[in-house]
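> Take this structure first; my questions come after.
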Amino acid sequence: MKKIKLLFIGIFIALISGCATASFTQTGQTFPEYEGVVRVFLEQPEDVNYVEVGIVSSKGGQVHDAADLIKALQKKAAKNGANAIILASNKETQGFVASEYYTGSTTSKEMTAIAIRIRN
């Protein structure tokens, strides 16, 4: 029984301390993977010629901050050909977990952005 508790605690720690995850949904044109730094816009840029590539979403837990989520968005956007993102939403949800091994509050965080390709 002690081994099971230690295993559960180990898995729990790994889950809360891991990297933020990201997903991508294609909604526009397809481009090859982008190798540079993905720019971040807080609102739709004016006077910038771009096309939409897709929607990127990132999720994290209690140990993740906004920078972790944005970094995950940038990485996923670049992998799918975007060279910039426009932040669209940022959500944080509080929860509570009660089990034999852990009782306490939890936090889940989610951020969504529009992945774009700026044209020169």
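> If I filter region 72-120 down to residues being of a type in the set (Ser, Thr, Tyr) and touching a strand residue (DSSP E or B) at 6+ places or on another chain (Cβ under 9 Å), which single residue comes out as farthest from VAL37 (Cα to Cα)?
Out of the qualifying residues, it is THR103.
> Contact list please: Cβ distance under 6 Å, first residue in region 90-111 and within 19 Å of SER23 (Cα to Cα) and open to solvent by less than 70 Å² (accessible area, probe 1.4 Å), second residue among the basic types (Lys, Arg) and at pLDDT below 75, pairs at least six apart or on different chains.
Between residues of region 90-111 that are within 19 Å of SER23 (Cα to Cα) and open to solvent by less than 70 Å² (accessible area, probe 1.4 Å) and residues that are among the basic types (Lys, Arg) and at pLDDT below 75, there is no close pair.
> Considering only residues that are modelled with pLDDT of 90 or more and closer than 15 Å to THR107 by Cβ, which ones fall in region 55-68?
Within region 55-68, SER58, ASP68 qualify.
Results for (1) touching a residue at least 60 places away in the same chain (Cβ under 8 Å); (2) closer than 16 Å to ILE114 by Cβ, shown as yes or no for each residue.
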residue	(1), (2)
PRO32	no, no
PHE41	no, yes
VAL48	yes, yes
ILE70	no, yes
ASN80	no, yes
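> Residues being basic (Lys, Arg) and buried (at least 21 other Cβ atoms within 10 Å of the Cβ): count how many of those fall in region 69-89.
1
> Checking THR27 against (1) modelled with pLDDT of 85 or more; (2) within 11 Å of the chain's Cα centre (by Cα); (3) of a type outside the set (A, V, I, L, M): exactly one of these is not met. Which one?
(2)
> Then there's this: Is it true that some residue in region 57-71 is touching a strand residue (DSSP E or B) at 6+ places or on another chain (Cβ under 7 Å) and acidic (Asp, Glu)?
yes
The values are calculated or read from the model by the stated rules, or taken from the named source; none is laboratory data. Just so we're clear, the structure is a prediction, and the values are computed from it rather than from any experiment. So basically every Cβ, Gly included, is an ideal-geometry build from the backbone, and we count neighbours across all protein chains shown. The accessibility values were calculated without ligands, DNA or RNA, using every heavy atom of the protein model including side chains. Shrake-Rupley method; radii C 1.70, N 1.55, O 1.52, S 1.80 Å.
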